[in-house]
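The values are calculated or read from the model by the stated rules, or taken from the named source; none is laboratory data. If you're wondering where the values come from, they're calculated on a predicted model, not measured in any experiment. Ideal geometry is used to build each Cβ from the backbone, glycine not excepted, and the neighbour counts take in all protein chains shown. Just the protein is used for accessible areas: all its heavy atoms, side chains included, with ligands, DNA and RNA removed. Shrake-Rupley method; radii C 1.70, N 1.55, O 1.52, S 1.80 Å.
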Amino acid sequence: MNVALDALLASSALWRAHGGTEAADPAGRACLPTGWPKLDAKLPGGGWPLGTLIEFLLPGTGIGELSLLLPALARLAAAAPAAGHCWLVWIAPPHAPYPPAFAQHGIHAERLLFVTAGRTPDRLWAIEQALRSGSCAAVFGWLDAADDRWLRRLKLAAATGQALAVLFRPLRRRAAASPASLRLVLEPTPAGLDLWLLKSRGRGPIRVHDAFGP
Amino acid sequence: MRHAARRGAGALLVQGRTGDLFAPPPAPAPVGVPEPRGSPVQLWLALWLARLPLVVVPSGAGGLRAVVADDGPRRVLVACNDAALALGLTAGLQLNAARVLAPALEVAERDARLEARHMERLACWALRFTPLVSLEPPAGLLLEVQGSLRLFGGLQPLLALAAAELAARGDRAALAVAPTPRAALWLARAAPGTAVESPARLAGTLARLPLAATHWPARALEDCVRLGVATLGELRRLPRDGLARRFGPALLAELDEAYGQRPAPRRRHVASERFEERIELPAELETAAALAPHCARLLERLERFLRVRDAGVGALAFTLLHREHRPSCVRLGRALPAADAAQWRGLLDERLGRLLLPAPVRALLLRSGAAVPVAATSAVLPGCAVRESEAAACALLDRLRARLGDEAVSGTRLVPEHRPEAAFRRVRPEPAPGTLAAALPLAPRPLWLLAVPEPLDLDDGRPCSDGALQLESGPERIESGWWDGAGIARDYYVARSARGARLWVFRPRSGERHWFLHGVFG
């Protein structure tokens, strides 16, 4: 093989629109398999990118957004004890996540941390603190309108750690600019859940039909 | 001596074992510790403050004063002053009866918290006589003075000094000395001023004590009266097995402890150290931001204070003293006790940023909670990386709480319980090792649970939410909780809505058989 080409491909300065299938996306970030084969195949790193922002755009609560994250969350929870304590942080969720259901999937109730914050500035601040603290394996935040500069700040904060950082925003924010590395629209259908990958490293919108299906 | 008292937090004093004070405290083993042979005899000085409830409550102008407390449904006197005693009032008398005897009686409510604080201050004072001081709630204090006799020139000078200092403090305490702590306490209550130095004379002195000195439950004392027993000596002459059957083993154990036939280990009182410092500001400051550097100065002094003691604190209170306005207070808390000024400052900045000053500030006062020993950590040693990550996890909690408030941050624990809404509880979060509950429900549970079940509309007898619901699985019958008044009897189903959402719905088994939405599988 061409050594020079290999060195070039290995360089993190090179941006590749269609990355390989190893557990790192083209920007060199670690990725966590989503647990849904159809989705993994379409994502650049073969999974959720860690240490950056992921944005879910939802038409409503309870359409399968947590089920989508559940396998990854279970994987994080299983890996956590070796690395000391890490929180799975929920900032301003619309309802109460139900701990026994998480325990059924192997996620310890002791790891869940709920933060209630009514005002948007407080929510943004809490998300940033959680991302920067380095003690969180996953940070989930619910936001509506948010300043683009604040979102950039959150992305920088996410880059300081290795957390799975997901922002949940209403579908009407689809047109708003966002620095998130991965943006998904969730679309419930009678059969299951369809996904639109709006923004994922240089590719146009991709549709994942029936993400939970075989 | 003071040093020894500080080091051995929670140590137990075991009879006759005063030699190994500097040894690490053994695990509490309150009974059955053998007495080493040839050990020096202990000598316990007991202080009993019969008037404690009266001393700690603010006094009024009246001549007849008493403190009352609830005793079941009745209100009884727990202490009264000399003038009231002269009228025939005593502790234990019902308030109604006392009012008849002395209509002018001024009554105050008992304050147990103030009493405990008073005794703690007294225990700190007692540390000047011996490092072995033990609290006997509610109003007793025990000092092991055998080791201090040489220093004070004998027992009589020590007692005289203690009495004089107590009088100077304004405390009226009954004093007694005996070779065992319990005997000293009983003597202080019933025969103040008695000093028994040799164990040989102990039994004879105790035998004359009335049973009331023991403060045993009223029923046991009444039973003794019915048996014709009035003193400890008479009680000891009764057969032991009969006593144990009648009154239970606990009273017999106390009796043996008093006579020195059974070891009576005591928990040592350890004086807690607190940081308290006040600074006057060079000028009156009007904004919270201008206060920050002065607070930082105090925090640095706190850090130095704690560093030399290898200690940390979990709570701080800044008091801002204003001109012509009552002081305002800023309280800070940490999940792990810590000393570092930088982190405390981070928390303080969150609070100062949103603080509105009611008036200009002229002085600052910083008070800490009790200093507790903190183990130093090193990243190199095994196990410390985990502790570091725990510290980071706690630091996040501290920051979130400082800005959003204590109740805004919560963790959760599972509760083994069939009722879905009672199967978990909110707790104050702290890093804890994860444990999976052994008994999890087998049927699926929704990821989102509604705080209050939502009634569903009915369409042709079938539940609907954005269109008719298809029942996918069920019923799962949950019927539980009849014992605490919040019982449920419901049939749960998993339903799918027309839009594809999976819902957790139920129908009560009795009453109006409406459908309710309880959770979303999300």
In the stretch B:503-516, which residue that is assigned to a strand (DSSP E or B) and crowded, with 20+ Cβ neighbours inside 10 Å is farthest from the other protein chains (Cβ to nearest Cβ)?
B:Phe506
From the list B:Arg477, B:Arg428, B:Arg462, B:Arg399, exactly one residue is open to solvent by 40 Å² or more (accessible area, probe 1.4 Å), closer than 30 Å to B:Arg331 by Cβ, more than 9 Å from chain A (Cβ to nearest Cβ) and of a type in the set (Lys, Arg). Which is it?
B:Arg428
Can you go through A:Leu124, A:Leu131, A:Leu113, A:Leu154 and tell me which one is assigned to a strand (DSSP E or B) and aliphatic (A, V, I, L, M)?
A:Leu113
Looking at A:Ala117 and the list (1) away from every other protein chain (no Cβ under 12 Å); (2) surrounded by fewer than 24 Cβ atoms within 10 Å (Cβ to Cβ); (3) not aromatic (Phe, Trp, Tyr), which single condition is not satisfied?
(1)
Selection within the stretch B:123-132 - touching a residue at least 12 places away in the same chain (Cβ under 8 Å) and part of a loop (DSSP other than H, G, I, E, B)
B:Leu127, B:Phe129, B:Thr130, B:Pro131, B:Leu132
Looking only at the stretch B:71-98, which residues are without any contact (Cβ under 8 Å) to a residue 12 or more places away in the chain and open to solvent by less than 60 Å² (accessible area, probe 1.4 Å)?
B:Ala97
Scanning the stretch B:123-155 residue by residue, the ones that are in contact with a helix residue (DSSP H, G or I) (Cβ under 7 Å, 6 or more places away or on another chain), small (Gly, Ala, Ser) and within 15 Å of B:Leu166 (Cβ to Cβ) total 2
Among (1) open to solvent by 90 Å² or more (accessible area, probe 1.4 Å); (2) within 14 Å of another protein chain (Cβ to nearest Cβ), there is one condition B:Trp448 misses while meeting the rest; what is its number?
(1)
Does A:Ala138 satisfy the condition of being more than 10 Å from every other protein chain (Cβ to nearest Cβ) and in contact with a Ser or Thr (Cβ under 8 Å, 6 or more places away or on another chain)?
no
Out of (1) within 23 Å of B:Pro446 (Cβ to Cβ); (2) open to solvent by 10 Å² or more (accessible area, probe 1.4 Å); (3) within 12 Å of another protein chain (Cβ to nearest Cβ), the odd one out for A:Pro170 is which?
(3)
What helices (runs of 4 or more DSSP H), lying completely within the stretch A:31-110, carry at least 1 residues that are surrounded by fewer than 22 Cβ atoms within 10 Å (Cβ to Cβ) and facing another protein chain (nearest Cβ under 10 Å)?
A:65-79, A:99-104
Picking from B:Ala258, B:Ala283, B:Ala317, which residue would you name as being open to solvent by less than 10 Å² (accessible area, probe 1.4 Å) and either among the small types (Gly, Ala, Ser) or modelled with pLDDT of 90 or more (or both)?
B:Ala258
Identify all residues within the stretch A:173-191 that are over 18 Å from A:Leu131 (Cα atoms) and more than 14 Å from every other protein chain (Cβ to nearest Cβ); write none if there are none.
A:Arg173, A:Arg174, A:Ala175, A:Ala176, A:Ala177, A:Arg183, A:Leu184, A:Val185
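Residues are listed down the side, and each one gets a yes or a no for (1) of a type outside the set (A, V, I, L, M, F, W, C); (2) under 30 Å from B:Leu43 (Cβ atoms):
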| residue | (1), (2) |
| --- | --- |
| B:Ala79 | no, yes |
| B:Ala91 | no, yes |
| B:Leu95 | no, no |
| B:Arg99 | yes, no |
| B:Ala116 | no, yes |
| B:Ala123 | no, yes |
| B:Ala126 | no, yes |
| B:Ser134 | yes, yes |
Looking only at the stretch B:170-195, count how many residues are in contact with a helix residue (DSSP H, G or I) (Cβ under 6 Å, 6 or more places away or on another chain) and closer than 14 Å to B:Arg208 by Cα.
5
Looking at the structure I just gave you, is B:Leu101 in contact with a His (Cβ under 7 Å, 6 or more places away or on another chain), open to solvent by 50 Å² or more (accessible area, probe 1.4 Å) and more than 17 Å from B:Leu54 (Cα to Cα)?
no
